[in-house]
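Here is the structure we will look at, set down as structure tokens.
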Amino acid sequence: MKRMAVIGAGTMGRGIAYTGVINGFEVALYDISESALQRAKTEFDKTLRTSADKGFITQEQLDAANRNLTFETDMVQAARNADIVIEAVLEKMDLKIEVFRQLDGICPPRTILATNTSTLSPTEIGAATSRADRCIAMHFFNPVHKMKLVEIIRGLDTSDDTYEKAKAVAARMKKETVEVNEFPGFVTSRMNCLIGNEAMNMLMEGVASAADIDKAIKLGLNHPMGPLELADLVGLDTRLRNMEYLHQTLGEKYRPSPILLKYVKAGRLGRKSGRGFYQYSDD
């Protein structure tokens, strides 16, 4: 497998495309928005130069990446010859299903369709296509080029061949993998949402400041990032969608913290808006 298409040029899509192209894939990054693709191209150029300057990638990798990465606003052009397509659009079931329906009509029968969902059912997404056996979830983590894990989640009809090929794609991208039985939230999102939600409740209750809650978790439990910092990085709107889905499917303990609802309504979405539990506008 050598041709990869990535659907969605947001933070995760950019990260997946970057990691794919520096590890030898020919990658087409698709987005409906020209401005999103331009931001992605600017970010790629910056990250490639920085990585090369610091010795994280070789000049050969940099040159190959520039040759093998294309930016497309035409989904047909991006996906029609792909061996694997990785969808990285918003965490909304109806949107993902619509993207998979379109891809099913565009891609050759051999093409694997993978969703980068962090919580949603690959069975339900794959059922919208005529190739449920070739649909799977590959959950990458942000920032993709630094984080080592990919959760791989089979749908009900996902074939062994599809699973093995998805695992091989992740390995080529220098990722470790875990196989997870399909269940809402999988492993990491289920745990992260629960920890983060409790941190938000503690902040709301005045137990400690955001900085001290995060410091306690980092130094006391050896987490590399505090739960409120992580929520800001993920995006508070994204975290809210995840929490609402888990609350719906797993019950009361996943009810979103009131402070999360309040921040999202106020437009405090984390790093991407410049303000969440922390202020980023002066970064």
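Would you pick out the residues in the range 142-154 that are in contact with an Asp or Glu (Cβ under 9 Å, 6 or more places away or on another chain) and surrounded by fewer than 20 Cβ atoms within 10 Å (Cβ to Cβ)?
K148, L149
One line per residue, one yes/no per condition, for (1) basic (K, R); (2) in contact with a Cys (Cβ under 9 Å, 6 or more places away or on another chain); (3) in contact (Cβ under 8 Å) with a residue 40 or more places away in the chain:
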{"residue": "D157", "(1), (2), (3)": "no, yes, no"}
{"residue": "C193", "(1), (2), (3)": "no, no, yes"}
{"residue": "G196", "(1), (2), (3)": "no, no, yes"}
{"residue": "G220", "(1), (2), (3)": "no, no, no"}
{"residue": "L228", "(1), (2), (3)": "no, no, yes"}
{"residue": "L240", "(1), (2), (3)": "no, no, no"}
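Does any residue in the range 28-56 that is closer than 14 Å to A17 by Cα come within less than 7 Å, Cβ to Cβ, of a residue that is surrounded by fewer than 18 Cβ atoms within 10 Å (Cβ to Cβ) and among the hydroxyl-bearing types (S, T, Y) six or more places away or on a different chain, and which pairs are these?
Qualifying pairs under 7 Å: A28/T70; D31/T73; L37/T73.
Can you say whether D104 is more than 20 Å from the chain's Cα centre (by Cα), in the same structural domain as A127 (by TED's automatic domain parsing), surrounded by fewer than 24 Cβ atoms within 10 Å (Cβ to Cβ) and under 29 Å from L236 (Cβ atoms), as far as the supplied structure shows?
So D104 fails the test.
Name the residues in the range 138-179 that are at pLDDT below 95 and β-branched (V, I, T), would you?
V144
How many of the residues in the range 74-96 are in contact with a helix residue (DSSP H, G or I) (Cβ under 6 Å, 6 or more places away or on another chain) and surrounded by fewer than 18 Cβ atoms within 10 Å (Cβ to Cβ)?
Residues flagged as in contact with a helix residue (DSSP H, G or I) (Cβ under 6 Å, 6 or more places away or on another chain) and surrounded by fewer than 18 Cβ atoms within 10 Å (Cβ to Cβ) within the range 74-96 amount to 2.
For a quick check of your reading: which strands (runs of 3 or more DSSP E) sit entirely within the range 67-123 and have at least 2 residues that are within 23 Å of D160 (Cα to Cα) and at pLDDT 95 or above?
84-87, 112-115
The values are calculated or read from the model by the stated rules, or taken from the named source; none is laboratory data. Given the structure is predicted, the values throughout are model-derived calculations rather than measurements. All Cβ positions, glycine included, derive from the backbone under ideal geometry; neighbour counts span all protein chains shown.
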